[in-house]
Amino acid sequence: MANLIIWRHAEAEVESDSGRDHDRALTKRGLKDAAKMAKWLYKHLPESTEILCSPARRCLQTVQALQDLNHLEVNITDCLNIKSNVERILQAVANQDNTQTILLVGHQPNLGLLISSLLGLHESACVVKKGAVWWLTQRQVNGLAHYYIDAVKQPSF
């Protein structure tokens with residue numbers, strides 16, 4: 001059984017000083033929400049969790065809240081960048097050990113599209129709110145991977 005945890009970056013500023021979307025930083029609220037979710041994750045994550053993160057500043061700041069608690073290694077990957085797509089994310093996850101827990105830190109709409117794809121939903125994308133965590137568990141049934149929702153946690157709850 002494998003866990004796939006999907007964490008959308010927390011609230012970010014509308015614009016960056018550089019004018020590049022990639023450089024947008026978290027707001028004060030975003031930093032607070034990231035810390036709140038990091039505390040929840042810290043209590044529940046298995047030790048061997050592999051963390052894959054978008055190179056965007058707001059994602060790096062979001063995952064930094066977790067690193068501050070646990071000093072976990074974070075792998076920055078372009079498959080989760082702003083201009084990526086679900087197929088690239090699925091390839092990266094498929095190459096991982098299927099008994100391992102993987103934490104993805106990235107962006108909408110790709111995270112919602114990924115969840116929809118894994119759960120076999122007909123809608124184009126689930127809405128993953130800023131700072132929210134979706135915890136999916138993979139089980140093998142007749143040799144096929146099936147994903148189930150174990151938890152959805154938002155900073156406001």
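Laboratory data are not the source of any read-out in this text; all were calculated from the coordinates shown. Just so it is clear, the structure is predicted and the values come from calculations on it, not from any experiment. Glycine gets a Cβ as well: all are built from the backbone with ideal geometry, and neighbour counts include every protein chain shown.
Summary table
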{"item": "Whole-Hz couplings from phi, Karplus 6.51/-1.76/1.60, listed for the range 31-47; x for Gly and Pro", "result": "5, 5, 5, 4, 5, 5, 5, 4, 5, 5, 4, 4, 5, 10, 6, x, 4"}
{"item": "Förster-model FRET efficiency, 41 Å R0, SER117 and LYS32, C-beta, rounded to 0.05", "result": "0.85"}
{"item": "Filtered trypsin sites (Lys or Arg not before Pro), the range 1-58: DSSP coil and at most 13 other beta carbons within 10 Å", "result": "ARG20"}
{"item": "Gap separating the Cα centres of the range 15-42 and the range 66-128, nearest whole Å", "result": "18 Å"}
{"item": "Cα-based shape type of the range 27-95, given that a ≥ b ≥ c are square roots of the gyration tensor eigenvalues and the cut on a/c is 1.5", "result": "oblate"}
{"item": "Selected from LEU41, LEU113, LEU69 as most flexible by GNM, with the chain as the system and alpha-carbon contacts under 10 Å", "result": "LEU69"}
{"item": "Order of GLU123, GLU87 - criterion: other Cβ atoms within 10 Å of each residue's Cβ, fewest first", "result": "GLU123, GLU87"}
{"item": "Candidate lysines - alpha carbon under 16 Å from LYS153, same-chain residues fewer than 8 apart omitted", "result": "LYS32, LYS36, LYS39, LYS43, LYS129, LYS130"}
{"item": "CD proxy at 222 nm, helix term only [per DSSP H run n ≥ 4: -39500 (n - 2.57); per residue of the chain; nearest 500]", "result": "-10000 deg cm²/dmol"}
